[in-house]
Amino acid sequence: MPPVIDKEKCIGCGTCAEICPMQVFRHFPDQDKVPEITFGAECWHCNSCVLDCPKEAISLRFPLPFMMLHVNSSTLHKNG
């Protein structure tokens, strides 16, 4: 699933387009403030765009198979 850009928070810095290893984003600062998501299906969900966005304007929607792999260890309890 492609990343989601909050247009209200985005300042158009282009960091997401620069940092993305799969070139999911395309950004032309002279044309549009908000980068365009051109290859959303290619997103690896590596989270680099989310972590490097200075305004926290990007979020990822993880596909169900990915969600099953992520476990918050603080919710696990020892038996016994």
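The values are calculated or read from the model by the stated rules, or taken from the named source; none is laboratory data. As the structure is a prediction and not an experimental result, all values here were calculated from the model. So basically every Cβ, Gly included, is an ideal-geometry build from the backbone, and we count neighbours across all protein chains shown. Note: areas computed on protein heavy atoms with side chains; ligands, DNA, RNA excluded. Shrake-Rupley method; radii C 1.70, N 1.55, O 1.52, S 1.80 Å.
Per residue, the convex hull spanned by the Cα atoms of the chain measures out at 102 cubic angstrom.
Per-residue ellipticity at 222 nm from helix content only, as computed over the chain with -39500 (n - 2.57) for each DSSP H run of at least four residues, stands at -3000 deg cm²/dmol. Below 17 Å Cα-Cα, how many Lys pairs turn up in the chain? Only count pairs eight or more apart in sequence, or on different chains, if you could. Within the chain, the lysine pair count is 5. Extent along the principal axes, Cα only, for the stretch 1-48: 27, 18, 16 Å, with the longest axis given first.
With the highest mean first, a sort of the peptides 44-52, 17-25 on other beta-carbon atoms found within 10 angstrom per residue produces 17-25, 44-52. Per-residue SASA remark: E42, around 90 Å² accessible (1.4 Å probe; ligands, DNA and RNA not included).
Full extension of the chain segment joining H77 with D6 gains 22.0 nm, where the gain is 0.36 nm per residue of separation less the Cα-Cα distance.
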